[in-house]
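Working notes, structure below.
All of the numbers you see were taken from the coordinates with simple rules; none came from a lab. In this text the structure is predicted, and so the values were computed from the model without any measurement. Positions of Cβ are backbone-derived with ideal geometry, glycine not excepted, and every protein chain shown enters the neighbour counts.
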Number of protein chains: 4
Amino acid sequence: MIIQLENDINTSQKEAIKSRIEGIHYMITEVNTQRNNYLVCVGKADFDIRSIGNLPGIRDIHRVSDDYKLVSSKWKTRHTVIDLGDGIRIGNGEFTIMAGPCSIESEEQIARTIEHLKANNISIMRGGVYKPRSSPYSFRGLGIDGLKLWHDMASKAGIKIISEVMQVSQIEPMYDYVDIFQVGARNTQNFNLLDELGKVDKPVLIKRGISGTVDELLYSAEYVFSAGNEDLMLCERGIRTYERSSRNTLDINAIPILKEKSHLPVVADPSHAIGIRRHVTDVALACVIAGADGVIFETHEEPALAYSDGQQTLDFGQSEKLIKMMRSTYDLREEFAI
Amino acid sequence: MIIQLENDINTSQKEAIKSRIEGIHYMITEVNTQRNNYLVCVGKADFDIRSIGNLPGIRDIHRVSDDYKLVSSKWKTRHTVIDLGDGIRIGNGEFTIMAGPCSIESEEQIARTIEHLKANNISIMRGGVYKPRSSPYSFRGLGIDGLKLWHDMASKAGIKIISEVMQVSQIEPMYDYVDIFQVGARNTQNFNLLDELGKVDKPVLIKRGISGTVDELLYSAEYVFSAGNEDLMLCERGIRTYERSSRNTLDINAIPILKEKSHLPVVADPSHAIGIRRHVTDVALACVIAGADGVIFETHEEPALAYSDGQQTLDFGQSEKLIKMMRSTYDLREEFAI
Amino acid sequence: MIIQLENDINTSQKEAIKSRIEGIHYMITEVNTQRNNYLVCVGKADFDIRSIGNLPGIRDIHRVSDDYKLVSSKWKTRHTVIDLGDGIRIGNGEFTIMAGPCSIESEEQIARTIEHLKANNISIMRGGVYKPRSSPYSFRGLGIDGLKLWHDMASKAGIKIISEVMQVSQIEPMYDYVDIFQVGARNTQNFNLLDELGKVDKPVLIKRGISGTVDELLYSAEYVFSAGNEDLMLCERGIRTYERSSRNTLDINAIPILKEKSHLPVVADPSHAIGIRRHVTDVALACVIAGADGVIFETHEEPALAYSDGQQTLDFGQSEKLIKMMRSTYDLREEFAI
Amino acid sequence: MIIQLENDINTSQKEAIKSRIEGIHYMITEVNTQRNNYLVCVGKADFDIRSIGNLPGIRDIHRVSDDYKLVSSKWKTRHTVIDLGDGIRIGNGEFTIMAGPCSIESEEQIARTIEHLKANNISIMRGGVYKPRSSPYSFRGLGIDGLKLWHDMASKAGIKIISEVMQVSQIEPMYDYVDIFQVGARNTQNFNLLDELGKVDKPVLIKRGISGTVDELLYSAEYVFSAGNEDLMLCERGIRTYERSSRNTLDINAIPILKEKSHLPVVADPSHAIGIRRHVTDVALACVIAGADGVIFETHEEPALAYSDGQQTLDFGQSEKLIKMMRSTYDLREEFAI
């Protein structure tokens, strides 16, 4: 059960509500986000929801049978829209493209990528400065200095930044220089990181775990939301299966399923999902027509020279074509929805 | 190596070619399909391909590094087109829809389905008369009598039939009453069945195995082709993974990968792939935009009363909408290809 | 519900029982095996089991909540013992070893293998004469002539034969020359083959499917049992997962789970499960201590020269050591059970 | 290539070595553990290893073709033995049992568990004070206060403690109260945590990821080793597959494979691997006979009352039996090795 409280609720009203809920032996988690205050109540007893809903100080009350509560579409039927400022919104009728290199490498590389994005009317640039790598001997990213340089150049160009945060201690230093925190596939169940991102007032994109289920992804979002941050996106990026002809198996089913189960925007990452440059376009378009609110993909002026993930990175010519095709595909999708 | 022989090759020419190939210790499989004659040669020695290619009686010669040979796009760059007669073709620029119930149930059901297909300009009807079921106590289909009734009604209406063949002994009795033999996901590696279907002069659609790889699907097609039948289609129908929110995981990556590796038409089955009626449409459209040459899906006038698979079967209203959306999506795909 | 009938039940008694069951709207499948006669009844209504159990002609009656019935340990608590004659039994207190090459290759090879088995007191020899191969260009086995030669030599030596049957039409020609029919991992859900093996009065070993579940394996056994054959063994042989350091992933959990769910003997195939010669022993011993009733493994005098599966085949020296270790391990297991 | 340096190497010698290696364009990582100093060198050029090996200051030099280096058995053929003090060693001829509850719950619970361990001659107690939970509304452990209480009681009894560390900031507060840090399955690729644990002079047990490969587990250990900590154990705890009859699929193959690929001790966790109390014993014994150096399992005086994982937790009677059986099984394994 989710109880949304009035913003001007007073202490005695709140105590009365909590006492009534404790009376039916429900566990209460108080959730105060930047926008709203909730009581998330978990328990087993059956009761008349109206007898609680009528108490003063309650704006709205919902039963939620899912094990995740706050991210469920069962209580919040309106889709979440994330506002990045400067007229840039994600979700519910906007189609968002985020593009850029796997790793931030140099001033020159940043400059050329920004130029490419501006020419194609893209407002959000992706790039890694902290890189999770299987081997300790691989390139691990430029770190905070790379991020500062990037932020300086991007903000002048009016471009927003999404970048991966790998651990709690990086949140504070990164905070001033990113517009969206990305949680990578290896950290989807790093619960401490999720908890801390709940205290931040910037949006978070959560990638599905390497072999994460749809429900686990929703639970991970529930962690962030219940710790205080409502501005969340879910990202399908392929799952690990036995199939070896592609890097991962993009779970196209997950897109409509996530859209139905949750009110959060759903973004797809076709680059990691298939891992083969010449097939990224087909898979990206599939995600758009299946209902994704956005696509995040890797592009680089010279993929063959990229520090990482070159084999799945589009060059700028391929990127430009993909962007146009995705927009046409999204328009067709919108027509269907009418 | 694939050697395509001249149709008018004489015996001594053929012997000379075979003797030369045996000289480099390659194993030869002679393949005579309804249309062409090939020598498929497997071995390890390096040699000058021109020294063989110049022999009389050879129309064309190709090195094929893939382990599957005849179904590879490495030697046959033109896409295969399957001609069902009456102007109905599958592959390479035609978009094919096959629809119908999971199981053929009754005369009434057949009649209503045919009516629905005709109204939507669909020429191929799917339906099972032999049903593979996990439990021996489940409905196993109407069998050959159901097929005869169906064929009688469908042929009058100008509708072609695709239906699953489960074992060798069913091929002959089914032969006169189907236009396409379907090999189900549990029989993708039933090599005896594949061998026998190679001797038949009707097209075969092969479903990917329940946990089959892309390469295994191509090998299964190689069985049929090398036994004599070139008219083959490959069908992606979802694979088994750990994810439980859908019946199977549709491997959208497989569609562009199969299209690249093979010259055979690729068909998608969204119904089995996701297994949830209200999401079939999104997944079907994804397959179309990703490059599928066709889609096969389940529809029934009253899905709730279907003998099998009702939970993933569209009613006629949903089916009609899907058909229109798929055609618009295919048109957009074609525009991209220009 | 399973109703075991008296062997001397008369027609009017049986009709009375069936009429009573139809009265509660249960579907009845009449199962007549070589040993017993059953009615398997599937339905949803609640009823007093005693009101049926008291009818004349019924020896025993059991509720079985599992979806598989006849193979369930819920109704038959005594473990099935399979009697191959000549004092050779499988299951419930006997530990059975079956060994031999992947493929039967030659008279010389058969002779040396039999010698090796006799020296180690092994009574059952495995070997393939029909080989399921992914590629149509691979060696497919010596066929029926190889089997006849093998049977001639084995029967003189007092050795029993287990060999894979790939299709219905092979059952009859193989019948006189095998002691156990093996259903391979690619045919676990070849329901026609299972049905036909139900009519045979020789034991059947069913391998788990390449990505088959424990329940699907039990259902496949239910097919054979319900078609009339009670002499069944289940075989764990590794499942397909994402892990690439071994050929398959042996599901050691499945051994105690199958032993609990079913009364049928459980056999393990470590050779296919790991696919790496030097590790077969460790995995084989694990299966024995976990409760397997038998182990089937591949051995060859010169594995490097084997026509197939050489990389997972033990030489005779390794085989001899493994046999001794397995027997010691089984003895320890028996001590624990006291 | 791994170069083990002499402990008394001087600066100019080291510089000479590094300069020679840079001359062949290899990347050098300097690794100083609590015991030894290494240069790990990664590159592609071919060279004469003796021309480097003869330089002064080098104790030993090895080519290592694996992508992981320091944890590979290719350079260190002697098995690692971890010394916990007080005569307690892990690895190479010692069989180690670690047992205890999923979560530390209360003083009473700790006391009864310690009593049980002492009675059975077990020296290492497991238990969680920080619990990774899919849902933010589940019990997350007693935290550092629980750990202090536990440590106080355990050290008096001469019992060592292994407990999970979930994030970098927990390392320092936990340091004084644990004997082994455990990295959980959701943190196997939390590279920052691994890096930091490399700086600690206490042993680390690394669980395989939920869908981690054998190689990824070795890479994760390489992170910790290359950051300075040699005292590592690898733990097989089951992987995620499609099979639903058990919680995870214990990958028994991984035990001999890890033992061969690495010199580190290998521990098995049967409790999480199967997740069903009555089957834990069979799976545990399988791991012992397959070559595990130790087993970690869950036990609780009253499993039904445990705060977490009760369904897979043994009661003390079952635990006692398992301990005896594991020791007998290990003895048999040792006999085989002679």
| Using a cut-off of 13 Å between alpha-carbon atoms, which aspartates and glutamates can reach residue C:131, once sequence neighbours fewer than 8 places away in the same chain are excluded? | C:105, C:164, C:309
| In a solvent-free Debye calculation with one equal scatterer on each Cα, what is log10 I(q)/I(0) for segment B:2-62 at q = 0.13, 0.16, 0.23, 0.25 Å⁻¹, listed in the order of the q values? | -0.29, -0.44, -0.94, -1.12
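State the Kirkwood hydrodynamic radius of chain C in Å, one decimal place, computed from all pairs of distinct Cα atoms.
Values: mean 1/r = 0.0479 Å⁻¹.
It is 20.9 Å.
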| message | Stokes-Einstein diffusion coefficient for segment A:152-230 at 37 °C in a medium of 0.692 mPa s, Rh from the Kirkwood formula over Cα pairs: what value in µm²/s? | response | 257
| remark: With x for Gly and Pro, the residue-by-residue ³J(HN,Hα) of segment B:171-186, computed from phi through the Karplus equation 6.51 cos²θ - 1.76 cosθ + 1.60 at θ = phi - 60° and given in whole Hz, is 4, 5, x, 7, 3, 6, 10, 10, 9, 9, 8, 9, 9, x, 5, 7
| query | Going 7 Å from the Cα of residue D:176 toward and past its Cβ, which residues in segment D:130-155 have a backbone nitrogen under 13 Å from where you end up? | reply | D:145, D:148-149, D:151-152
| Please identify the GluC sites (Glu not before Pro) of segment A:1-107 that satisfy two criteria: DSSP loop assignment and at most 11 other Cβ atoms within 10 Å. Which are they? | none
| Reachable lysines from residue C:74, criterion Cα separation under 16 angstrom, eight or more residues apart if same chain | C:259, C:261
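Taking every residue in D:222-234, how many Cβ atoms of other protein chains lie within 10 Å of its Cβ, on average?
Working: counts 4, 5, 1, 1, 3, 1, 0, 0, 0, 0, 0, 0, 0.
Averaged over the peptide's residues, the number is 1.
Rounded to the nearest 20 debye, what is the charge dipole size of segment B:186-338 about its Cα centre when +1 sits on each Lys and Arg Cβ and -1 on each Asp and Glu Cβ? Walk me through the numbers before you get to the answer.
Numbers: 17 positive and 24 negative charges, 83 e Å.
Charge dipole of segment B:186-338: 400 debye, to the nearest 20.
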| request: In whole Hz, with x marking every Gly and Pro, tabulate ³J(HN,Hα) for segment B:134-147 from phi via Karplus 6.51 cos²θ - 1.76 cosθ + 1.60, θ = phi - 60°. | output: 4, 9, x, 9, 8, 4, 10, x, 7, x, 5, 5, x, 5
| task | Give the percent of DSSP beta bridges with both residues in segment A:1-147 that are antiparallel, rounded to the nearest 5. | result | 85
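Within 10 Å of each Cβ in peptide B:210-220, how many partner chain Cβ atoms are there on average? Round it to a whole number, please. Before the final figure, lay out the partial values.
On the way: counts 8, 11, 5, 7, 4, 5, 4, 0, 2, 6, 2.
For this peptide, the per-residue mean of nearby foreign Cβ atoms is 5.
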| said: To make sure I understand the rule: partners must be aspartates and glutamates, Cα under 18 Å from the Cα of residue A:18, and not fewer than 8 residues away in the same chain. Which ones qualify? | reply: A:6, A:8, A:30, A:46, A:48, A:60
| request: Taking the Cα centre of the protein assembly as shown as origin, work out the dipole magnitude from +1 charges on Lys and Arg Cβ and -1 charges on Asp and Glu Cβ, in debye rounded to 20. | output: 0
| query | What residues qualify as long-range amide H neighbours of residue C:161, i.e. H under 5 Å apart, gap of 5 or more or another chain, H built at 1.01 Å from N? | reply | C:125, C:179, C:180
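Can you put D:8, B:176 in order of Cβ neighbours within 10 angstrom, beginning with the fewest? Present the calculation step by step, with values, prior to reporting the outcome.
Values: D:8 7, B:176 10.
With the sparsest Cβ surroundings first, the list reads D:8, B:176.
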| Percent of beta bridges antiparallel (DSSP, segment B:82-335, rounded to nearest 5) | 15
| field | Debye log10 I(q)/I(0) for the protein assembly as shown, one point scatterer per Cα, at q = 0.09 Å⁻¹ | value | -1.46
| What ³J(HN,Hα) values, in whole Hz, does the Karplus curve 6.51 cos²θ - 1.76 cosθ + 1.60 give for segment D:262-273 when θ = phi - 60°, with x put for Gly and Pro? | 10, 8, 7, x, 10, 10, 10, 10, x, 5, 6, 5
| field | At most 13 other Cβ within 10 Å, DSSP loop - trypsin sites (Lys or Arg not before Pro), segment A:1-89 | value | A:35, A:44, A:63, A:78
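Would you calculate, for the protein assembly as shown, the mean residue ellipticity at 222 nm contributed by helices, counting each DSSP H stretch of 4 or more residues as -39,500 (n - 2.57) and dividing by all residues, to the nearest 500? List each step's numbers first, then the result.
Working: 44 runs with 476 residues, N = 1352.
Result for the protein assembly as shown: -10500 deg cm²/dmol, rounded to the nearest 500.
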| remark: Once amide hydrogens are built 1.01 Å from N within the peptide plane, the residues lying 5 or more places from residue D:205 or on another chain with amide H under 5 Å from its amide H are D:181, D:182, D:183, D:233
| message | With just the Cα atoms defining each centre, how far is segment A:179-252 from segment D:282-305? Give it in Å. | response | 32
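So what's Rg/Rh here for segment A:185-302, counting alpha carbon atoms and using the Kirkwood radius for Rh?
Answer for segment A:185-302: 0.98.
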| Spin-label proximity, residue B:169 to segment C:157-174 - amide N less than 14 Å from point 7 Å beyond Cα toward beta carbon | C:167-173
| query | Under the definition of Cα pairs under 8 Å and six or more residues apart, what whole-number percent is the relative contact order of chain A? | reply | 16
